[in-house]
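The values are calculated or read from the model by the stated rules, or taken from the named source; none is laboratory data. Remember, it's a predicted structure, so these values are computed and weren't measured experimentally. Cβ sites come from the backbone with ideal geometry, for glycine too, and all protein chains shown count toward neighbours.
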Amino acid sequence: MRVPTGPHQRRTVFGALDYGSGQVRWQMHPKKGGDAFAAFLDQIAQTWPDDQLILVLDNASYHRSPVVKTWWAAQAGRITPFWLPVYSPQLNLIERVWRFLKQKLACHRWWADVDGLVAAATTLLDRVEAHFHTGIPPRIRLVNNL
């Protein structure tokens, strides 16, 4: 999400989709990078403290930064990265959530302030569920209507 009115107006959203429940876990930061992504990974590790996890990741540069490599090494055996092939966003289900979010936030709207955009994104991300494994067609829906 970007509001192009200055360097302090950017926000980066990291997200993870729990494939079983459809819940989206997310965290927002002023900028993207290895430190911010490692903080998000800490949140994921704390959300499921006793579970073995496999995280599906694309090849964003900050996913492989030195601080994140150190984080992966510390979690060896409990949290495993599963790297998708380069240039294959269609294989990453969280990309469908990002597309849904962008459609809801950018459709026929100009955001005059970053605070309004952040509030709207927060509301959507807190209420969204994404299910891709049920017998019914895949869907992303709001748990509570706005």
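Set side by side, the residues ASP18, ASP42, ASP58 differ, and just one is acidic (Asp, Glu) and under 21 Å from VAL128 (Cα atoms), which is ASP18. All of (1) under 15 Å from the mean Cα position of the chain (by Cα); (2) of a type in the set (D, E, K, R); (3) at pLDDT below 90 hold for LYS104 with one exception: (1).
Within region 26-83, the only residue that satisfies the criterion of being acidic (Asp, Glu), surrounded by 13 or more Cβ atoms within 10 Å (Cβ to Cβ) and modelled with pLDDT under 95 is ASP58.
Given the criteria under 19 Å from HIS131 (Cβ atoms), modelled with pLDDT under 90 and more than 13 Å from the chain's Cα centre (by Cα), does GLN9 qualify? Spelling it out, it is not the case that GLN9 is under 19 Å from HIS131 (Cβ atoms), modelled with pLDDT under 90 and more than 13 Å from the chain's Cα centre (by Cα).
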